Every structure is written in C-alpha cells, then in structure tokens.
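Right, one structure below, let's go through it.
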Amino acid sequence: MSDNGQGTGLRPEAEDIELEAFVRALKQRHGYDFSGYARASLKRRMLQVVQSCGFENLSTLTGRMLRDDALVPDIVAGLSVPVSEMFRNPTVFAALREEVLPVLASYPRINIWQAGCAHGEEVYSLAILLEEAGLYERSQIYATDFSDAALVRAQEGIFPIKDARAYSENYLAAGGQRTLADYYHARYERIKLDERLKRNIHFANHNLAADGVFCEAHLILCRNVLIYFANSLQNQVLGLFRDSLVRGGFLCLGNRESLDFAPAARAFTAVNASARIYRLAARA
Amino acid sequence: MKYTALVVGCSTGGVHALGTLLAGLAPELQVPVIVVCHTGSEDVEMLREVLALKSSLPVVEASERYPPQPGTVHLAPAGYHLLIEADGCFALSVDARVCFSRPAIDVLFDSAAAHYGAQLIGLVLTGANEDGALGLKAIRERRGLAIVQAPEDAVAPEMPQAALRIAGADHTAALTDIAPLINRLCSP
Ligand SMILES: C[S@@+](CC[C@H](N)C(=O)[O-])C[C@H]1O[C@@H](n2cnc3c(N)ncnc32)[C@H](O)[C@@H]1O
C-alpha cells in the first residue's frame, strides 16, 4: 500500500508499542501485572500519568521506572481509579437491602468481601446498610484494593463536604431510615464518618489480577472494577469470586457490566438482573 | 467503502439536534453510529425512546464487550465513559469526568480515532462547553474526517466553536445538511 498505514491499523501507533513495553517492564521489574487490562482506558490513564509526572513520553517514564522503585506507587495510584460515591446507584443498595440482606440474616456470621474499595465510599455505605438492618454486629467486611494509597484514604473515611449532599440524596433514595448526617461529623470542608462504622471492617491489600481466594464470603461486592479488565481477566476474576463464595452466596457487580463473554459466569444465576445481583448456584 | 464508523458528540440542545440528524440518515446506512450526549440524568432510556421515535435506524444503549453494529445507533450509558477497545468492541470506564462530563465526547473520539483511523467520521453538534474539540483533533491527526455543525446554526455555539478553533473541520454545515452529507459520504 502506498499509504504508510498511519491510522489505518496497518502500522501500530508509537504509543501502543510504548504501552506494551511499559506493561511488560512493570510486570517483570515490579511484579504489577496490567497485561489483562482493557487497553483503551489503560492507555488514556497512562498518558495522564506521563503528563502529571512531567515525562516527555511513555518510553522515558518506562526507562526511569526500571531503575527507580520510588516511582512505582505513583504509577499504581495513577492507574487505580478511585472514583466512587456513597450509595452510588441507590436502587442497587435498595435491592441489596430488600433482596439480599434478608437471606444473609439466616447466617449466624456474615462475611462480606468488597473488592476494589477505592476511598471507602461503598464499604461505609454497606456498613450503614447492615447497621440499619440490625446485622452489623455479626458481620465482617473485608475491603480490599490493590492501591495502598486508596486503602490509606479508605481507612480515614474522610470525604469533601461538597459531596455530602449527593451522598445524602443517594442514601435516602436507597431507602435509608435516618439521615446520612447521623453517621458523620462535618468539619471545615470535610466530613468524617463515624469511627464506629469501622468496627467490623478490615482493610487489606489484594490484587485481583494476581492474588488468590481471599475469604469464604456470603456476599461479594465488586462494582465497576471488572469493566477495566479484558475478557480473559474478567473471566479469571469471576472464577475467583465463584471459588470464594459459599453455596448460594451473592455477587453484586456494576450497573452496566456484561457477563456474556465470561464462561465462569455460568456458575451464577441472576437474582436482580438490572441491579447486577447474582447468586452462586448451589453445587450438587 | 471508505468510512466504517460515525461518532457524534453533543450537549446543550443535543436531543433536538440528534432527532433531526437521525431522522435524516438513510435506513440503509451501513456504518455504526456511536453517540455521546451529555444529559446529566441517571440513565439514557428516556433519551433512547425519544430518539427511537424519530430515527430511521434502531437506537440502543451501547453494551460493554459487544462490537458496534452497522446501521445501528449506540448511545453511551449514563455515568460511564464509552470507549472503543483495541479489538473494536465497546468498553466502559468510570474515570474522572472530562470537561465536567461523564460520558465525555473526547474519551469516545480519542479511542475511536485510535481504532478506526482514517475510516472514522467525527461529528460535533450543538453544546455549551469544549468537550469534543480535543477528540476531533485526534480524529483529524489520524486522518479521519471532521464535521462540525455551523456555530450560527447551533442552539449553543460554544462546542462547535471550540471544535473549529482547536481541531478545524473538513465540513462545516447547517444541521439539516449534515444527514444528507453523511449519507453521501457513506454510500457504497
Ligand atoms: C472505579 S473504582 C470502583 C469503586 C466502587 N466499587 C464503585 O463502583 O463506586 C475501581 C477500584 O478498583 C481498584 N482496582 C483496579 N484494579 C484492581 C486489581 N487488579 N485488584 C484490586 N483492585 C483493583 C482501583 O484501585 C479502584 O479503587
């Protein structure tokens, strides 16, 4: 072809080649494996890291990263997307309250794994939900993420006050029985969630792409994390969830996630399809 | 056929503009139409229904991991950025807002430019911010074709103006002329 192939898919873009080299280097040198991530959003985020860290391009960043361990936390923090809300998609929390908690109530001890906890918005929402259902005392919530920076923030339970109004509206739309302000103290520009909400929450580092079964759970919440994974990693992690759930355990995914290309999803049946709540079929 | 996909971005005034555009597209159009329309609402089902009444092509919400279908209009789901993956399928992200928006036009355009290259048409319609301008620039840099609604014809001229300033355009046209132009560009 006379065209040199620029942009026609015949010749890969420099950035795409650099991205693959970066992914390989990060894995081989530092053990973080992003090879199973969907490339379009990974590329977008990496180019932002390149910019915010002041590098000329992805190759110069990769070169530096190979020799400078100190750069790695910034990279992981940049690739993690700790964007969340309390009671995000209130109808999902209403569905958890109405359709899942009554079943969990039959267990003497309830284990919940929240994978990809970002800054903790969702895990505190869950704690409030359990508190109001009278189930919190017998629940243990394991909140995990692969970003230490996100986990530190999650443990603090501090959020900008400008978000409090949206969170309160979400809480009420989810069927909250009090007012969200009962659960936090406002100070200056921030709100801090009640320390007591943390009493049965355990924060831990866990990488879904690399680490194994985490606990025996009755409910796994993993919303808007698998959207970042290409089909094969998505399938692998769904297998991990299947192996981590008790018989009849529940799985809750993000509102627009599709399981149609993951064979491992066959182990689950939909309980509430629009809220993306599934149940592990009881093994014979 | 030279073009294999059409991406469209709009904001303020966009619902009306999309109605006119989609009504004018040829029912036999062979390319997928992929749309980001800022609405700020919780889901796009209402928008989908409104547009489906006017459109000559079926209108659906884009589903992650599925490929865009020729002759079908795909709307970005509310609250998510919509991207085209390396394999040509839809992908979603909840990364930070871009130009105060999620979904953002720039994110769709950028990823579509990387996948479709010179076979992509990008269209920026009415809107009151600058989203889409950088994305349209990315499309042109990969030799795709850029169409911008003429600012004086738009309910909100800022978005077309920003696109023209930052990216430029191959065609600037009044809304009613855009569908015929696309039908012509995409006819086999
Ligand atoms: C967009 S947030 C989701 C927050 C929340 N679940 C929600 O839906 O609002 C995605 C989170 O997943 C985490 N994450 C991404 N890849 C991961 C992995 N391989 N293992 C564990 N956590 C991961 C990120 O650090 C980030 O905090």
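The values are calculated or read from the model by the stated rules, or taken from the named source; none is laboratory data. Bear in mind the structure is a predicted one, so any value in this text is a computation, not a measurement. Positions of Cβ are generated from backbone atoms using ideal geometry, with glycine treated the same way; all protein chains shown enter the neighbour counts. Accessible surface is based on the protein model in full, side chains and every heavy atom, while ligands, DNA and RNA are left aside. Shrake-Rupley method; radii C 1.70, N 1.55, O 1.52, S 1.80 Å.
Taking all protein chains together, B:GLU49, A:GLU18 sort by accessible area into B:GLU49, A:GLU18, largest first [probe 1.4 Å]. Ligands, DNA and RNA are left out, and with a 1.4 angstrom probe the accessible area of chain A is 45 Å² per residue. In order along segment B:102-115, phi translates into HN-Hα couplings of 8, x, 10, 5, 4, 5, 5, 4, 4, 6, 5, 4, 5, 7 Hz, rounded to whole numbers, per the Karplus curve 6.51 cos²θ - 1.76 cosθ + 1.60 with θ = phi - 60° and x for Gly and Pro. Can you give the relative contact order of segment B:23-104 as a percent, counting alpha carbon pairs under 8 Å and 6+ residues apart? Relative contact order here is 32 percent. The trypsin sites (Lys or Arg not before Pro) of segment A:174-258 meeting both criteria, a DSSP state outside H, G, I, E and B (loop) and at most 11 other C-beta atoms within 10 angstrom of the site's C-beta, are A:ARG199.
Rounded to the nearest whole Hz, the Karplus-based 3J(HN,Hα) values (6.51 cos²θ - 1.76 cosθ + 1.60, θ = phi - 60°) of segment B:83-97 follow the sequence 10, 9, 6, 4, 7, x, 8, 6, 9, 10, 8, 10, 3, 3, 4, with x at glycine and proline. Solvent-accessible area assigned to carbon and sulfur over the protein assembly as shown amounts to 51 percent, based on a 1.4 Å probe. This model, with +1 at the C-beta of Lys and Arg and -1 at the C-beta of Asp and Glu, gives chain A a dipole about its Cα centre of some 480 debye. Sorted largest first by accessible area at a 1.4 angstrom probe radius, with every protein chain in place, the residues B:VAL59, A:VAL152 fall in the order A:VAL152, B:VAL59. Each peptide in B:160-172, B:113-125, A:23-35, B:19-31 gets a packing score, the mean of other Cβ atoms within 10 Å over its residues, and the list from highest to lowest is B:113-125, B:160-172, B:19-31, A:23-35. Across the options B:LEU47, B:LEU25, B:VAL73, the greatest Cα extent toward the positive end of the charge dipole of chain B (unit charges at beta carbon of Lys, Arg, Asp, Glu) belongs to B:LEU25. A 1.4 Å probe run over the protein chains yields, for chain B, 37 Å² of accessible area per residue, whole-number rounding. Once both labels are positioned 7 Å from their Cα atoms along Cα-to-Cβ, the gap between A:ALA25 and B:PHE100 label points is 3.8 nm.
Counting Lys and Arg as +1 and Asp and Glu as -1, what is the net charge of the other residues whose Cβ lies under 15 Å from the Cβ of B:ALA150? Surrounding charge for B:ALA150 is -4. Selection among B:LEU136, B:ALA167, B:LEU83 by position relative to the dipole of segment B:65-188 gives B:LEU83 as farthest towards the positive end (Cβ unit charges, Cα centre).
DSSP beta bridges fully contained in the protein assembly as shown are about 30 percent antiparallel.
Solvent-accessible area lost on pairing A with B (1.4 Å probe, both sides summed) amounts to about 2400 Å². Residues whose amide H falls under 5 Å from that of B:GLY132, counting only those 5 or more places apart or on a different chain, are B:ILE105, B:ASP106, with hydrogens built in the peptide plane. Summing charges over neighbours of B:GLU49, with a neighbour being any other residue whose Cβ is under 15 Å away from its Cβ, gives -2 when K and R count +1 and D and E count -1.
Residues of segment A:36-51 that become at least 40 Å² less accessible with every protein chain present than in their own chain isolated, using 1.4 Å: which are they? Residues of segment A:36-51 that lose at least 40 Å² of accessible area once the other chains are added: A:ALA40, A:ARG44. Near A:ALA143, the amide H atoms lying under 5 Å from its own belong to A:GLN114, A:HIS202, A:PHE203, A:ALA204; only residues 5 or more places off or on other chains count, and H is placed 1.01 Å from N. Inter-chain Cβ neighbour count for B:76-82, averaged per residue, equals 3 (cutoff 10 Å, partner chain atoms only). Look at the stretch B:133-142: the mean tally of other chain Cβ atoms within 10 Å of its residues' Cβ atoms is 1.
In order along segment B:157-167, the Karplus-derived 3J(HN,Hα) couplings, from 6.51 cos²θ - 1.76 cosθ + 1.60 at θ = phi - 60°, round to x, 4, 5, x, 4, 5, 4, 5, 5, 8, 10 Hz, and Gly and Pro are given as x.
For A:PHE87, the residues whose modelled amide H falls within less than 5 Å of its own, excluding neighbours fewer than 5 places apart on the same chain, are A:SER125. Shape of segment A:12-79 from its Cα gyration tensor (a ≥ b ≥ c, root eigenvalues): rounded if a/c is under 1.5, otherwise prolate when a/b > b/c, or oblate? It comes out rounded by the Cα gyration axes.
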